[in-house]
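Participant: Structure incoming, see below.
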Amino acid sequence: MRGLLMPPVFLVALAFSAAAEPGPRITTDTIEYCGSLAARLAAMPAARTEPSRSLAAEGVRLCGNGHVRTGVAKLRRAMRAAQAKSPKD
């Protein structure tokens, strides 16, 4: 009897979780996102130090050469490095 109740409960739970999702996930691997990351990084004080500076330069270069996904990854690494060096409030 217990085995018969599991599938309907599972289907109801699955339906509710699918309804809660707003839609398909949109990736941000675009040239516009490269520019947005570069601008955000430029505003960070630690962005002028290594390794943030070289990672950012390489990320912008990669984005400009059409390697957007790799460029975004480099820019994100540069931001993490800059955040790690930023003084804590």
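Participant: Could you list, in sequence order, all residues of region 48-71 that are among the hydroxyl-bearing types (Ser, Thr, Tyr) and either touching a Lys or Arg at 6+ places or on another chain (Cβ under 7 Å) or under 18 Å from GLN83 (Cα atoms) (or both)?
Facilitator: THR49, SER52, SER54
Participant: May I ask you to say which residue of SER86, SER36, SER54 is modelled with pLDDT of 95 or more and surrounded by 10 or more Cβ atoms within 10 Å (Cβ to Cβ)?
Facilitator: SER54
Participant: Restricting attention to region 26-51, which residues are small (Gly, Ala, Ser), assigned to a helix (DSSP H, G or I) and without any contact (Cβ under 8 Å) to a residue 40 or more places away in the chain?
Facilitator: Hits for region 26-51 are GLY35, SER36, ALA38, ALA39, ALA42, ALA47.
The values are calculated or read from the model by the stated rules, or taken from the named source; none is laboratory data. The model shown is predicted, which means the values in this text are computed figures rather than measured ones. Quick reminder, even Gly has a Cβ in these numbers, built from the backbone with ideal geometry, and neighbours come from all protein chains shown.
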